[in-house]
Amino acid sequence: MDVEKLTRMANQIAANLDYGSDKEKVALATADHLKRFWNSTMCAAIVEGHQKKLIDLTPIAGRAVDLLAEQKKKSA
Amino acid sequence: MSAVFDSYERAKDFGTPAPAPSTKQITLTIDGVEVTVAEGTTVLRAAAENGINIPKLCATDSLEPFGSCRLCLVEIEGMKGLPASCTTEAKHGMKVTTQNAKVAKTRRNVMELYISDHPLDCLTCPTNGDCELQDMAGAVGLREVRYGYAGDNHLSEKKDTSNPYFTFDPSKCIVCSRCVRACEEVQGTFALTIQGRGFESKVSPSQNQPFLDSECVSCGACVQACPTATLSENGLIEQGVPEHTAITTCAYCGVGCSFRAEMKGQEVVRMVPNKDGHANHGHSCVKGRFAFGYATHKDRIKKPLIRETIHEPWREVSWEEAFKFTADKIRGIQKKYGKDSVGGITSSRCTNEETYLVQKLVRAAFGNNNVDTCARVCHSPTGFGLKATLGESAGTQAFDSVHKSDVIMVIGANPTDAHPVFASHMKHRLREGAKLIVVDPRAIDLVRSPHVEAQFHLALRPSTNVAVVNAITHVILSEGLEAKEFIKERCEPEAYKAWRDFILDPQNSPENTEKETGVPAEEIRGAARLFAKGPNSAIYYGLGVSEHSQGSTTVMAIANLAMCTGNIGREGVGVNPLRGQNNVQGSCDMGSFPHELPGYRHVSDPNVRALFGKEWGVELESDPGLRIPNMFDAAVAGQFKALYVQGEDVAQSDPDTHHVTKALSSLECMIVQDLFLNETAKFATVFLPGSSFLEKNGTFTNAERRISPVRKVMEPLAGLEDWEVTQELAKALGYPMNYKHPSEIMDEIARLTPTFTGVSYEKLDRLGSIQWPCNDKAEEGTPTMHIGEFVRGKGLFRVTPYVATDEVTTRMFPLLLTTGRILSQYNVGAQTRRTENSKWHDEDVLEIHPHDAEQRGIEAGDWVGLKSRAGETVLRAVLSERIQPGVVYTTFHHPFSGANVVTTDNSDWATNCPEYKVTAVQAYKVTQMSDWQKEFAKFTDEQLEHLRRAREPNTVS
């Protein structure tokens, strides 16, 4: 998977959901969106890329991917 | 036992249109018999409804009465002279005599005049036996023409055969004006008039030009209305009067016109719009009515083809061998690369039953959710945005709702080109006085055309939709024009409050957004006030909304606008996505998305998986699958290896052609099921011949959720209908499917999908068509949704911040390219390019503003290079002031144009719907084709040679 592309997509989702002062809420909404619409291979690729600091996620997108990783771990 | 077809007979014509719906009935006496009709009915129609057929020529029930032919004269007690029954309204207690010596003599005299200047070649005339003039001569008992035939006449008038589909023979014209009136009232183009007076009167297309050179859009309404052979379809002229008919549904756009296929044997003589069609009411466009010849074009592939790689010739094989080859390949690939390395794309042109089977095959036989549909690249933001706000992924109204609208807003849509029959209905309403707001970077035809003019044309800069819609709603709320009661009663209060605070922020004011959008603040304020005033305001939108990086956001902003003005839940209002393809709505309904099973239910829901799993006999995957762009990325990355594509041409229609063709070339096996060797099939290793809409039974669902029947009128050229092909492939993969008829597939869909439980072929035969939801709560379907409450209960306002696209103009790419469609060609053009429609549009051109052209030394007709960061192509330039300086425009109907070589991988944040409408480009004069076009020509020649060698194995090219 082109993880650079996934990074752009995740940043874009976060930017579009970003409204209001509660950034944790935005990160959660972003994580939910990824979980709902992204295939698990894509989710795994971005989690790995983020955890290994190989990609450049915005702060909200980065937090969202952390939340996604937690959620995926819980349901695994 | 019910017959398979209906015998050909002319549709019953009641003479004048039905009156406006009224509960009041009146009773009158016609020829001594008491009849009861609705108030407002004409005497002519009252008689016809009761089996009394008063002779008529200029009257027909698709047009307002005209009163010119003077044949339908009757005697009415208390009224002087002989009134025309077509222009006389029936009144309670009236006493009408339709036949007596006086009336009979007058009618014969009228016919005598007509026949004195009419060719007497009935026996060799195209409408022999099916001519209203012949019928009337018989009906009035015409026996002689006392004037003789030696006087001045029009018998030597020359025929106009310029239009490829119909012939205009003025020598047979009786100047009844039906054609002129049809062009005005039904189509709304006003291309025809009667030129001259008295004996000099003649039908004149535009300035007395041949039809093809005039403003005529070849919709055929005039041909259908003509009571003589003057305007006749060339099919009728060549083949004669049809002998049987079947009602079916058009396979072109999302209007879904109902047609009568008029046949001789297995040949279509002509397609005539069905008067009882609930979407089109007897009208059509050039494509549906005339451009059906592709179904029998010589390019049709009739035998399955296989090969190991794309650089070797095809081999014609039997169906059995093709299915075994395909199944072995798929299973081999899954064994080697994993079960998720394969997937499918369903067709938005095939039937509901067929797309249901493809997604079932992917989920049950492939064992994953890697299935997607072309809605990905067009209206997937509609699905996302309307589900989020209103609770259902579909438009809220029936097309007929437009007749009750007072204000119509058209955003990012060009209905006169892309949904022509609906546009004709809209124009009818606009001519009656409804107001129009157009939001589009281009001055589309609707902005100003005969008797139609937009009150506001908000010519925004491409990509600023959200800013404009937010600004409109800002005005409505800041000026206190919102529908407070509706919001309080019908919408979630907390979400409304959050949205209200957001929208009232000064950053969303028209004054603040003016610089970004290019729309003057006063224009936004005027449009907002008009929309809020209503009382019935409706929004119609298209791909100019969805094909953007904020497509889903714009859809939600539109829903917000409709909700805050209380314009949902009745006729005349609503949110109306103009879905493009004949069955893209159906394809989405049938579970073609990778994250949703049929009926828009998420694959992660264990109850839904259990329901389908039980019926299908398998355990279903809960992980969302890959979307089409993700499939391409995964293919390039080496993880996705096989693809089953039914009825789609992603190599031409999807953006960033370089990336798409790289992805397709990376596959080990691609199966294309289609009518022709299209651009995608050139990358295929298995070709399964498909069947056109004339060759199968099934249903299509149009943009108003209307499920309509598709009826087989000829045997599939390759021997199998598309659903049978998918079924056999499933069996070869080891997954049994044993449907005997598409009705069984629909029955299964109805069993499993709450919005479809009441749908069946029996009900479709009975009702003609059904708008879903159709279930216990709505046994005959649901024209208008969200009445009383939204599907999700309360409507949800969603905050819609404007986020500028990444695709910005630079010094290198200072222009913005936007793309669209044209009337005569359809989508990738695979069908229409194989018909005479190419006479109107045989190449895609680049529309460029004269100012931009002048700066670049470009003149009309020059070859122009068009370059973006994605690629480069060459098109011929056309100068146009319909677009603003800084914006260029083209269509994508011809593969050689390479429009999508230039479009990028930018897409909607929520759905990955490509941002076709915004690409930063540069345009410059060139003297040769682009490198891509040269490569494309070479590759195309190679692939056509591979095909030729399969079909003619022992010849040299």
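Laboratory data are not the source of any read-out in this text; all were calculated from the coordinates shown. Everything numeric in this text was worked out from a predicted model, so none of it was measured. Methodologically, a virtual Cβ is constructed for each residue, glycine included, from the backbone with ideal geometry; neighbour enumeration extends over all protein chains shown.
Starting from the Cα gyration tensor of the stretch B:341-450, take the square roots of the eigenvalues, sort them a ≥ b ≥ c, and report rounded, prolate or oblate (rounded when a/c is under 1.5, otherwise prolate if a/b is larger than b/c, else oblate).
prolate
In what sequence, highest mean first, do B:491-503, B:889-901 appear when ranked by Cβ atoms within 10 angstrom?
B:889-901, B:491-503
How fast does the stretch B:653-807 diffuse by Stokes-Einstein, in µm²/s, taking the Kirkwood radius from C-alpha pairs at 37 °C and 0.692 mPa s?
After rounding, the answer is 170 µm²/s.
What area, in nm² and to one decimal, does the C-alpha convex hull of the stretch B:543-590 cast on average over all directions?
4.2 nm²
List, in the order given, every pair from A:35/B:614; B:484/B:794; B:339/B:614 whose Cα-Cα distance in the structure shown is over 23 Å.
Result: A:35/B:614 exceed 23 Å.
By a straight-distance test (C-alpha under 27 Å), which lysines pair with residue B:712 as possible cross-link partners, with residues fewer than eight away in the same chain excluded?
Candidates past the 8-residue exclusion: B:12, B:264, B:275, B:287, B:298, B:302, B:303, B:360, B:696, B:731, B:740, B:763.
When a/c reaches 1.5 or more, the comparison of a/b and b/c decides; with that in mind, is the stretch B:1-113 rounded, prolate or oblate per its Cα gyration tensor?
oblate
Once you sort the root eigenvalues of the Cα gyration tensor of the stretch B:418-499 as a ≥ b ≥ c, which label holds: rounded (a/c under 1.5), prolate (a/b larger than b/c) or oblate (the other case)?
Details: a/c = 2.50, a/b = 1.73, b/c = 1.45.
Prolate, because a/c is 1.5 or more and a/b exceeds b/c.
When N is the residue count of the stretch B:225-325, what does its C-alpha Rg come to as a fraction of 2.2 N^0.38 Å? All intermediate terms of the calculation are to be shown ahead of the outcome.
On the way: Rg = 18.7 Å, N = 101, 2.2 N^0.38 = 12.7 Å.
Relative to the rule-of-thumb radius for its length, the stretch B:225-325 sits at 1.47.
Whole-Hz ³J(HN,Hα) for each residue in the stretch B:80-87, computed from phi via Karplus 6.51 cos²θ - 1.76 cosθ + 1.60 with θ = phi - 60°, x for glycine and proline: what do you get?
6, x, 10, x, 6, 6, 6, 9
Within 10 Å, count the other beta carbons around each residue, average over each peptide in B:472-483, A:9-20, B:933-944, and list them highest first.
My ranking of the peptides, most packed first, is A:9-20, B:472-483, B:933-944.
What does the charge count near residue B:341 come to, summing +1 for each Lys or Arg and -1 for each Asp or Glu among other residues with Cβ under 13 Å from its Cβ?
Working: positive: B:329, B:331, B:335, B:336, B:339, B:641; negative: B:340, B:668.
For residues surrounding residue B:341, the net value is +4.
Taking the Cβ-Cβ separation of residue B:937 and residue B:328 as r and a Förster radius of 41 Å, what is the calculated FRET efficiency to the nearest 0.05? Before the final figure, lay out the partial values.
Working: r = 34 Å, r/R0 = 0.84.
The formula returns an efficiency of 0.75 here.
If the cut-off is 17 Å between C-alpha atoms, which lysines fall inside it for residue B:867, apart from same-chain ones fewer than 8 positions away?
Qualifying lysines at Cα under 17 Å: B:917, B:925, B:934.
How large is ³J(HN,Hα) for each residue in the stretch B:304-311, as worked out from phi by the Karplus curve 6.51 cos²θ - 1.76 cosθ + 1.60 (θ = phi - 60°), to whole Hz, x for Gly and Pro?
x, 10, 9, 7, 7, 9, 7, 9
Can you tell which of B:680, B:658, B:701 lies farthest toward the positive end of the dipole of the stretch B:623-727, using +1 and -1 charges on the Cβ of basic and acidic side chains (Lys, Arg; Asp, Glu)?
Of the options given, the answer is B:701.
Using amide H atoms built in the peptide plane, which far-off residues or other-chain residues are under 5 Å from residue B:710 H to H?
B:698, B:699, B:700
Consider a paramagnetic label point 7 Å from the Cα of residue B:34 along Cα→Cβ; state which residues of the stretch B:42-57 have an amide N under 11 Å from it.
Under cut-off, by backbone N: nothing.
Work out the charge dipole of the protein assembly as shown with +1 on the Cβ of Lys and Arg and -1 on the Cβ of Asp and Glu about the Cα centre, then indicate which of A:46, B:222, B:109 is farthest towards its positive end.
My answer, from the dipole projection, is A:46.
Counting only other chains, what is the mean number of Cβ atoms within 10 angstrom of the Cβ of each residue in peptide B:796-808?
Across the residues of B:796-808, the mean count of other-chain Cβ atoms within 10 Å is 2.
Which residue, B:815, B:97, B:422, has the largest displacement toward the positive end of the dipole of the protein assembly as shown when charges sit on each Cβ (Lys, Arg +1; Asp, Glu -1)?
Checking the options against the dipole of the protein assembly as shown, the answer is B:97.
Report the far tail of the P(r) of the protein assembly as shown, meaning the percent of Cα-Cα pairs longer than 39 Å.
47 percent
How large is ³J(HN,Hα) for each residue in the stretch B:171-184, as worked out from phi by the Karplus curve 6.51 cos²θ - 1.76 cosθ + 1.60 (θ = phi - 60°), to whole Hz, x for Gly and Pro?
Once rounded to whole Hz, the list reads 5, 9, 6, 9, 6, 7, 6, 4, 5, 4, 5, 5, 5, 7.
In vacuo Debye scattering of the stretch B:823-905, one point per C-alpha: log10 I(q)/I(0) at q = 0.12 Å⁻¹?
For the stretch B:823-905, the Cα-only Debye profile gives -0.36.
Hey, can you grab everything whose amide H is under 5 Å from the amide H of residue B:277? Only 5+ residues off in sequence or another chain; H modelled, so Pro and N-termini drop out.
Those lying under 5 Å, H to H, from residue B:277 are B:282.
For the stretch B:59-75 and the stretch B:85-110, what is the separation of their C-alpha centers, rounded to whole Å?
Cα centroid of the stretch B:59-75 versus Cα centroid of the stretch B:85-110: 11 Å apart.
Please average, across the residues of A:1-11, the number of beta carbons from any other chain that are within 10 Å of each residue's own beta carbon, and give a whole number.
3
Using alpha carbons only, how many angstrom separate the centre of the stretch B:216-235 from the centre of the stretch B:769-846?
Taking the Cα centre of each part, the stretch B:216-235 and the stretch B:769-846 sit 30 Å apart.
Quick check on chain B: helices-only [θ] at 222 nm, where DSSP H runs of length 4 and up contribute -39,500 (n - 2.57) each and the sum goes over total residues. Nearest 500, please.
Theoretical 222 nm ellipticity from helices: -8000 deg cm²/dmol.
Tell me, what does the Kirkwood hydrodynamic radius of chain B come to in angstroms if you use every pair of distinct C-alpha atoms?
29.6 Å
What pairs in B:24/B:404; B:24/B:202; B:172/B:404 have C-alpha atoms more than 32 Å from each other?
Details: B:24/B:404 21 Å; B:24/B:202 42 Å; B:172/B:404 40 Å.
Result: B:24/B:202; B:172/B:404 exceed 32 Å.
May I ask for the distance between the Cα centers of the stretch B:481-528 and the stretch B:869-896, given as a whole number of Å?
That distance is 34 Å.
Please get the size of the charge dipole for chain B, origin at its Cα centre, with Cβ charges of +1 on Lys and Arg and -1 on Asp and Glu, quoted in debye to the nearest 20.
Once rounded to the nearest 20, the dipole reads 680 debye.
Rg(Cα) of the stretch B:107-209 divided by 2.2 N^0.38 Å?
The reported ratio for this selection is 1.14.
Quick one: which residues, 5 or more positions from residue B:790 or on another chain, have an amide H under 5 Å from its amide H? H modelled 1.01 Å from N in the peptide plane, none for Pro or chain starts.
The list, which skips near neighbours in sequence, is B:795.
Considering every residue in A:31-39, what mean count of other chain Cβ atoms within 10 Å of its Cβ is obtained?
Across A:31-39, the average partner-chain Cβ count within 10 Å equals 5.
Order by neighbour count: B:86, B:913, fewest other Cβ atoms within 10 Å first, most last.
Least to most surrounded, the residues fall as B:86, B:913.
Of B:201, B:666, B:424, B:284, how do they rank once you tally other Cβ atoms within 10 Å and put the fewest first?
So the residues, fewest neighbours to most, are B:201, B:666, B:424, B:284.
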